[in-house]
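Enquirer: Mind having a look at this structure? Questions to follow.
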Amino acid sequence: MFDYLKGRLKQFGLRQSDLVEPLGLNLSSISHRFTGRTAWSLEEMYTLMDICRADYRELHLYFPKSGKQVS
């Protein structure tokens, strides 16, 4: 899930553990969001968009409704 986001974070050399401080979450909570077990909050999404230096208009690419990219 969230493959586009994972790929972008990888481009910056970031791992889920690097998101603990900026998101104010523990590693388990972050993992639950990446697997779709817990929904991302809007604030978390925008924080990640900032970390990825992405345009907010691309939010749908990073956080597709199903968590998976649609071809």
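The values are calculated or read from the model by the stated rules, or taken from the named source; none is laboratory data. The model shown is predicted, which means the values in this text are computed figures rather than measured ones. Cβ sites come from the backbone with ideal geometry, for glycine too, and all protein chains shown count toward neighbours. For accessibility, only protein heavy atoms count, side chains too; no ligands or nucleic acids. Shrake-Rupley method; radii C 1.70, N 1.55, O 1.52, S 1.80 Å.
Enquirer: Keeping every protein chain present and rolling a 1.4 Å probe, give me the accessible area per residue for the chain in Å². Display every interim value, and only then the final one.
Expert: Working: 4790 Å² over 71 residues.
Using a 1.4 Å probe on heavy atoms only, each residue of the chain averages 67 Å².
Enquirer: A follow-up question, please. Treating only the Cβ of Lys, Arg, Asp and Glu as charged (+1, +1, -1, -1), what charge dipole size does the chain show about its Cα centre? Round to the nearest 20 debye.
Expert: Details: 10 positive and 8 negative charges, 64 e Å.
I would put it at about 300 debye.
Enquirer: I need the semi-axes of the equivalent ellipsoid of the chain: take the C-alpha gyration tensor, multiply each eigenvalue by 5, square-root it, list largest first in whole angstrom.
Expert: Details: eigenvalues 55, 40, 27 Å².
Semi-axes (√(5λ), whole Å): 17, 14, 12.
Enquirer: Determine ³J(HN,Hα), in whole Hz, for all residues of region 44-59 in sequence, where each value follows from phi through the Karplus function 6.51 cos²θ - 1.76 cosθ + 1.60 and θ = phi - 60°; x replaces Gly and Pro.
Expert: Coupling constants for region 44-59: 5, 4, 5, 4, 5, 4, 5, 4, 7, 6, 9, 6, 4, 5, 9, 3 Hz.
Enquirer: Another question, then. Accessible area of the chain with a 1.4 Å probe: how many percent of it is carbon plus sulfur? Mind showing how you got there, number by number?
Expert: Numbers: 2410 of 4790 Å².
Answer for the chain: carbon and sulfur cover 50 percent of the accessible area.
Enquirer: Further question: Tell me, what is the percent relative contact order of the chain, built from C-alpha pairs under 8 Å that lie six or more residues apart?
Expert: About 46 percent, as a whole number.
Enquirer: Could you give me the ³J(HN,Hα) list for region 22-38, computed from phi with Karplus coefficients 6.51, -1.76, 1.60 and θ = phi - 60°, whole Hz, x at Gly and Pro?
Expert: Taking θ as phi minus 60°, the curve returns x, 8, x, 10, 7, 4, 5, 5, 5, 4, 4, 6, 5, 8, x, 5, 10 Hz for region 22-38.
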